[in-house]
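> Please read through the structure below; I'll follow up with questions.
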Amino acid sequence: MRITAATCVKNEGPFLLEWIAFHRVIGVTDFLFYSNDCTDGSDTLLDALAQANIVQHLPNPAQGRNYQMEALKDAAKQPVVYDADWVWIADVDEFLNIHVGDHTIPALIEACGDPQAISLTFQFFANGGIDEFVDEPVISQFIQTHNPDIWCDQLAIEVKTLTRRDFPVQYFGAHRPFFKGSLPKNKRPHWTDGSGRDVQFKFKMAANKRRIRQFPAHGARDFATLNHYALRSLDSYLVKNDRGDVNREHRNFDDTYWRERNDDAWEDTSIQRYLPALKREISTLKKIDGIADLHDACVKQHIATRDRLLQNPDYAALRDQLRDLATTPPQEQAVMQKLGLTA
């Protein structure tokens, strides 16, 4: 089975080997990376991995617009995507945690009944009070999360989607594929959630504009969860804030983004089942000529960027502000206040 993962990156150098290694462990066979405006060595590392036939790496074709959507439009024309049996579109801070069989993508597909698409629900992992960036697997460091069925005050949570080769794709979105609304009923794709249940009709048909990329999370995670490490360490979050959003121009992060994703009410270590195989695969990648040195260079640049940012009083103040914030999301705090459960 040929499974291609496609993604966009900007200054994600320290995290690339873990993400590639993890996805190789769960069954991904091919990778397509788009990069833009990297200053931390990410593009150089990806070029070396491409030279070793581990990934394919292209410059992002976007011209000052929506970086991710322009890249996905281009990706649909690339043989590594259109020749694949399955396509997985995700970001480098997202890890597919599969709960069934041998914990691989083929096992997930089998459990879901081999549909034409599988949409997997996000679970946001909190910072957990970790200030310092360390060069260790992200999935080993961050274990605190929100109630999986509730994010902030929402019962519907975003998804990312595995797409089978015969899905009638009109175009790929970052969270799900789309097909023409005029498609006859008997031609509409078989599409499930992460428990093998048919996705909701309005989600499938993109009929509810507010929820074209999300649906209720309750009961949707029996076979897999999409772990999203949007914050990582406080150091790395500051660097992410400086970088801006890889997917959209003119979007920055503030304390609202942090507060919404730093709910630490629950603990989930299930993804750590992959750690032994992950570490072996990272070691294998680092044995490729030059890869370990290029990875180390990205790590050094990440730390140097952190140090530079903290010389700026605004970033030093942001660090202190984020460190002191409550871990209850603002929407949840507002609900509690209405109920008289908090001051």
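The values are calculated or read from the model by the stated rules, or taken from the named source; none is laboratory data. Keep in mind the model is a prediction, meaning the values are calculated, not measured. Note that each Cβ is placed from the backbone with ideal geometry, even for glycine, and that neighbours are counted across all protein chains shown. Side chains included, ligands, DNA and RNA excluded: accessible areas come from the protein's heavy atoms. Shrake-Rupley method; radii C 1.70, N 1.55, O 1.52, S 1.80 Å.
> Pull out all pairs, ordered by first then second residue, where Cβ-Cβ is under 9 Å, the residues are six or more apart or on different chains, the first lies in the stretch 280-296 and is basic (Lys, Arg), and the second is in a helix (DSSP H, G or I) and open to solvent by less than 50 Å² (accessible area, probe 1.4 Å).
Once the first residue is basic (Lys, Arg) and sits in the stretch 280-296, its partners that are in a helix (DSSP H, G or I) and open to solvent by less than 50 Å² (accessible area, probe 1.4 Å) give Arg280/Ala21; Arg280/Val25; Lys286/Leu17; Lys286/Ala292; Lys286/His295.
> Hey, another quick one. What about Asn97, is it within 30 Å of Asp43 (Cα to Cα), modelled with pLDDT of 95 or more and out of contact with any Gly (no Cβ under 8 Å at 6 or more places or on another chain)?
yes
> Count, please, the residues in the stretch 304-323 that happen to be within 25 Å of Ile150 (Cβ to Cβ) and over 26 Å from the mean Cα position of the chain (by Cα).
Qualifying residue count for the region: 0.
> Gln200 fails exactly one of the following numbered conditions: (1) open to solvent by 40 Å² or more (accessible area, probe 1.4 Å); (2) in contact with a strand residue (DSSP E or B) (Cβ under 7 Å, 6 or more places away or on another chain); (3) under 19 Å from Asn97 (Cα atoms); (4) of a type outside the set (A, V, I, L, M, F, W, C). What is the number of that condition?
The single condition Gln200 does not satisfy is (3).
> Does any residue in the stretch 1-26 that is within 17 Å of Lys286 (Cβ to Cβ) come within less than 7 Å, Cβ to Cβ, of a residue that is in a strand (DSSP E or B) and open to solvent by less than 10 Å² (accessible area, probe 1.4 Å) six or more places away or on a different chain, and which pairs are these?
These pairs meet every condition: Ile20/Phe31; Phe22/Phe95; His23/Ala5.
> Out of (1) closer than 23 Å to Val138 by Cβ; (2) surrounded by 16 or more Cβ atoms within 10 Å (Cβ to Cβ), the odd one out for Thr328 is which?
Every listed condition holds for Thr328 apart from (1).
> Can you work out which of the residues in the stretch 256-276 that are open to solvent by 40 Å² or more (accessible area, probe 1.4 Å) and closer than 30 Å to Asn36 by Cα is modelled with the highest pLDDT?
Here the residue is Arg259.
> When you check Asn247 against the structure, is it under 17 Å from the mean Cα position of the chain (by Cα), surrounded by fewer than 22 Cβ atoms within 10 Å (Cβ to Cβ), modelled with pLDDT under 95 and not acidic (Asp, Glu), yes or no?
Yes.
> Can you tell me which of Phe142, Phe124 is touching a residue at least 24 places away in the same chain (Cβ under 8 Å) and within 29 Å of Phe179 (Cβ to Cβ)?
Every option except Phe124 fails the conditions.
> Which of the strands (runs of 3 or more DSSP E) found entirely inside the stretch 50-169 contain at least 2 residues meeting this: open to solvent by less than 50 Å² (accessible area, probe 1.4 Å)?
The strands (runs of 3 or more DSSP E) meeting that bar are 86-89, 94-98, 117-124, 156-164.
> Same structure again: Which one of the conditions (1) among the polar types (S, T, N, Q); (2) within 15 Å of the chain's Cα centre (by Cα); (3) modelled with pLDDT under 95 does Asn66 fail to meet, given that it meets all the rest?
(2)
> Further question on the same structure: Does Gly41 satisfy being open to solvent by 10 Å² or more (accessible area, probe 1.4 Å) and touching a Gly at 6+ places or on another chain (Cβ under 6 Å)?
The answer is yes for Gly41.
> While we're looking at this one, here's another question. Can you pull out every residue in the stretch 134-183 that is of a type in the set (D, E, K, R) and closer than 18 Å to Ile3 by Cα?
Lys160, Arg164, Arg165, Asp166, Arg176, listed by residue number.
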